[in-house]
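One structure is given below, encoded as structure tokens.
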Amino acid sequence: MKKIPFVTKEQITAIAEKYPTPFYIYDEKGIRENVRRLKKAFAWNKGFREYFAVKATPNPFILKVLQEEGCGVDCSSLTELMMSQACGFHGSDIMFSSNVTPAREYKKARELDAFINLDDITHVDFLEECAGIPETICCRYNPGGVFQLGTDIMDNPGDAKYGMTKEQLIQAFRRLKEMGAKRFGIHSFLASNTVSNDYYPTLAGILFRLAVEVKEATGVEIAFINLSGGVGIPYTPDKEPNDIAVIGEGVRKQFEEIMEPAGMGDAAIFTELGRFMLGPYGGLVTQAIHEKHTYKEYIGVDACAVNLMRPAMYGAYHHITVLGKEDAPCDHKYDVTGSLCENNDKFAIDRMLPEIEKGDYLFIHDAGAHGFAMGYNYNGKLRSAELLLKEDGSVEMIRRAETPADYFATFDFCDILKNC
Ligand SMILES: *Cc1c(COP(=O)(O)O)cnc(C)c1O
């Protein structure tokens, strides 16, 4: 499917007069419409709720938009909990799905009365000691082995550090029940960025069968099944996007076949999607500032891997549109690079694009999740601003760009660095 930016060259030219590139821009309308499609797809389940994975796009203004659409939040660190608290999330609005959890993070999660998802059986006693056992508690399951959809191997849970074995999960539930827990959840995350309508239904089948078995073994009430994240987006134009309506129906079929006959039709379905919720609705906008002709053709841009790490880290593909040249022929082969002293600082390698001139704006697609969030400060580079394109077409700055003073803020060294 042809990738079309949600902003035009004219819009970006006007925005860049006020907010210099590089910057992230998010599409409020796209975000809201997508949440509504998700909720509609799971409306058959009374307790359905999406807990947005905060780590994907940790910005309180984005969290507020999602909150207005009825979402909760999935946190996995102290600062994510604090940001969620600041947005007014509390109690059952928060899922705390962490691993290798420090005691003070459990304390914070308990203070907010969040749902806690335990990654390991040893965390039962750890949580009891540091913060006490809540009435509602969730455990994370790892089936081991490889996870397949049909003949395709999607991921390797047996190699993943997350979750408990079935025996451990049953033992943990028994123990938690003795300690006073009353309602239980089961969580699992088996494959990341799946572009397949079969992932959630297959995972749901596994977890629903497990829930029935666990209930029979322990007698606990299973209040919810948390399908976690992993529903992906097509980064390349040749892939078809997931159809969330089809996914919702696929999960429903499993629910009706497995949960309802077991008398567990009241259980809620939770999701913790990140990428699917925000990925397509955020772009990184950067300007071409140099061109270089050596053994290859290079376009140098004012963003670099600190702004978007996925290409450097995973070799990930991010589609690029040269704004204003949407319909021009892609007859030039470029490496599009940032300025880090690292040769993997390339947003595209041997990419066919329209001829790029200095001053052109490039829109790097599908950066709305795990984009800004993975930013860092290598080479003393600064994080960019984040902007929200509102439904009425206006633009709000939802995070200012870092300044050198931010970069130096943790030193107590000399006035030159303090007063800049
Ligand atoms: C990262 C993560 C998510 C979100 O994953 P996406 O691939 O962005 O959907 C959800 N739950 C947990 C526990 C995670 O670690």
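Can you tell me, using C-alpha contacts under 8 Å and at least 6 residues apart, the relative contact order of the chain as a whole percent? Show your work: numbers first, answer last.
Details: 896 pairs, mean separation 78.3, N = 420.
Answer for the chain is 19 percent.
Our coupling estimate for the stretch 250-260, obtained by passing each phi through the Karplus curve with A = 6.51, B = -1.76, C = 1.60 and θ = phi - 60°, is x, 5, 4, 4, 5, 4, 5, 7, 10, 6, 4 Hz, Gly and Pro reported as x.
Between the listed residues Leu387, Phe411, Cys304, the Cα displaced farthest toward the positive end of the dipole of the chain, a dipole computed from Cβ unit charges relative to the Cα centre, is found at Phe411.
Magnitude of the Cβ-charge dipole of the stretch 170-288, K/R +1 and D/E -1, about the Cα centre, nearest 20 debye? Each step should come with its number before you reach the end.
Values: 11 positive and 14 negative charges, 102 e Å.
Using only the charged Cβ atoms, the result is roughly 500 debye.
Here the chain is treated as a sphere whose radius is the Kirkwood value from Cα pairs; by Stokes-Einstein at 25 °C and 0.890 mPa s it diffuses with a coefficient of 107 µm²/s.
Note on the chain: GNM, Cα springs under 10 Å; of Ala103, Ala312, Ala114, the largest mean-square fluctuation is that of Ala103.
Straight-line cross-link reach from Lys215 at under 17 Å between alpha-carbon atoms covers these lysines, not counting any fewer than eight positions away in the same chain: Lys166, Lys177, Lys182.
Straight-line cross-link reach from Lys253 at under 20 Å between alpha-carbon atoms covers these aspartates and glutamates, not counting any fewer than eight positions away in the same chain: Glu50, Asp198, Glu213, Asp243, Asp266. Amide hydrogen proximity for Glu50: with H placed 1.01 Å from N in the peptide plane, the residues at 5 or more positions away or on another chain lying under 5 Å are Gly72, Thr271.
The label-point distance for Leu78 and Gln148, in a model that sets each label 7 Å from Cα toward Cβ, rounds to 4.5 nm. Amide H contacts under 5 Å for Gly300: Ile289, His290, Glu291, Lys292, Thr337, restricted to partners 5 or more places along the chain or on a different chain, H placed in the peptide plane at 1.01 Å from N.
Given their separation in residues at 0.36 nm each and the Cα-Cα distance between them, His90 and Glu257 gain 56.8 nm when the chain is fully extended.
Only protein heavy atoms count here; under a 1.4 Å probe, Phe372 has an accessible surface of about 20 Å².
For the stretch 309-420, relative contact order (Cα pairs under 8 Å, six or more residues apart, normalised by length) works out to 21 percent. Spin-label model, Asp266 to Ser394: label points 7 Å out along the Cα-to-beta-carbon direction sit 4.7 nm apart. Couplings for the stretch 149-164, taken from phi via the Karplus curve 6.51 cos²θ - 1.76 cosθ + 1.60 with θ = phi - 60°, read 10, x, 9, 8, 7, 8, 6, 10, x, x, 9, 8, 6, 8, x, 10 Hz in order; Gly and Pro are left as x. Excluding same-chain neighbours fewer than eight residues apart, the aspartates and glutamates reachable from Lys29 by a Cα-Cα span under 12 Å are Glu69, Glu391, Asp392. Kindly provide log₁₀ I(q)/I(0) values, in the same order as q = 0.09, 0.21 Å⁻¹, from the Debye equation applied to equal alpha-carbon scatterers of the stretch 18-156. Rounded to two decimals, the profile gives -0.35, -1.22.
Of interest is the spacing of the C-alpha centroids, which for the stretch 99-173 and the stretch 17-86 amounts to 23 Å.
Packing order of peptides 59-68, 400-409, highest average first: 59-68, 400-409 (average count of other Cβ atoms within 10 Å over each peptide's residues). Measuring only protein heavy atoms, the 1.4 Å probe finds Cys130 accessible over about 30 Å². Taking every alpha-carbon pair under 8 Å whose residues sit at least 6 apart, the stretch 371-413 reaches a relative contact order of 32 percent. For the stretch 299-343, the alpha-carbon coordinates run over 31, 18, 17 Å along the three principal axes, in decreasing order. In plain terms, the chain from Arg37 to Lys18 could stretch by 3.5 nm, reckoned as 0.36 nm per residue minus the Cα-Cα distance. Past 28 Å, Cα to Cα, is the threshold; run Lys46/Lys161; Lys64/Lys108; Lys108/Lys418 against it and keep the listed order. Violating the 28 Å limit, Cα to Cα: Lys46/Lys161; Lys108/Lys418. Between Cys130 and Asp350, the modelled label-to-label distance comes to 4.8 nm, taking each label 7 Å out from Cα in the direction of the beta carbon. Within the stretch 185-229, all pairs of alpha-carbon atoms sorted by distance into 10 Å bins from zero give the percentages 27, 51, 19, 4. Over the stretch 219-267, the ratio between the Cα radius of gyration and 2.2 N^0.38 Å evaluates to 1.53.
The residues of the stretch 25-279 have, on average, 40 Å² of accessible surface per residue, using a 1.4 Å probe with all protein chains present.
The values are calculated or read from the model by the stated rules, or taken from the named source; none is laboratory data. Predicted model, so just to flag it, every value in this text is computed and none were measured. In this analysis, Cβ positions are derived from the backbone assuming ideal geometry, glycine residues included, and neighbour counts consider all displayed protein chains. Surface accessibility is based on the protein's heavy atoms, side chains included, excluding ligands, DNA and RNA. Shrake-Rupley method; radii C 1.70, N 1.55, O 1.52, S 1.80 Å.
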